[in-house]
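The values are calculated or read from the model by the stated rules, or taken from the named source; none is laboratory data. Bear in mind that the values here come from a model prediction, so they are computed numbers and not experimental data. Every residue, glycine among them, receives a Cβ derived from its backbone with ideal geometry; neighbour counts consider all protein chains shown. We work out accessible area using only protein heavy atoms, side chains counted, and drop any ligands, DNA or RNA first. Shrake-Rupley method; radii C 1.70, N 1.55, O 1.52, S 1.80 Å.
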Amino acid sequence: MKVTSKGIINGRIQPQYGGRGTQFNESNIPTFSLPFKVENAPKGTVSLAIVLEDKDAYPVTGGFAWIHWLAANITRFEIKDNESQEAKDFVQGTNSWTSIQGGEQSAELCCYYGGMTPPDRPHVYELHVFALDGMLKLEKGFLLNELFHEMEGHVLEEVTLKGVYDN
């Protein structure tokens, strides 16, 4: 399986997908979501799930990776710019902006892509794409642990695409 993104050029995530972009929610969180394309998914793939995380946030948050985007039950192989805000054909989970460190944003605002705003230095962001053999029993606002519990035994392949973003 191959995952690419026109939003990542030469290993760098383009400005519009984070704090240097122009699209923000009412809490000033970047919302213009990263596009990606999946090619050569394994035979038997029924759906995709994604986790966009920032492990470089660990020292800044006091002990956890920052989740920027969770989505599941994606039944197509291309997600375009800003589809997190507009798409209705997949389910999205809760990102880390709902945490104390994220200003305890509302659950409603945190069920979408919450873009990159590294506070201390450039961070490496990882888009994990999972090819699954079925659909998952998840509802809007699901949590990371719920995603992994549901995926258990259903992952056909996982690919990680990385990019650097700095403010």
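Summary table below
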| item | result |
| --- | --- |
| Test: Leu70 is open to solvent by 70 Å² or more (accessible area, probe 1.4 Å), at pLDDT 95 or above and either among the hydrophobic types (A, V, I, L, M, F, W, C) or under 19 Å from Arg20 (Cα atoms) (or both) | no |
| Any hit, the range 27-45, residues being at pLDDT 95 or above, polar (S, T, N, Q), crowded, with 17+ Cβ neighbours inside 10 Å and closer than 14 Å to Val124 by Cα | no |
| Residue within the range 105-118 that is closer than 30 Å to Ser27 by Cα, touching a residue at least 24 places away in the same chain (Cβ under 8 Å), crowded, with 16+ Cβ neighbours inside 10 Å and more than 16 Å from the chain's Cα centre (by Cα) present | yes |
| Unmet criterion (only one of (1) under 25 Å from Ser106 (Cα atoms); (2) out of contact with any His (no Cβ under 8 Å at 6 or more places or on another chain); (3) open to solvent by less than 20 Å² (accessible area, probe 1.4 Å)) for Ala65 | (3) |
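Table: residues versus (1) under 16 Å from the mean Cα position of the chain (by Cα); (2) more than 23 Å from His149 (Cα to Cα).
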position	(1), (2)
Gln14	yes, yes
Thr22	no, yes
Leu48	yes, no
Ala57	yes, yes
Ala72	yes, no
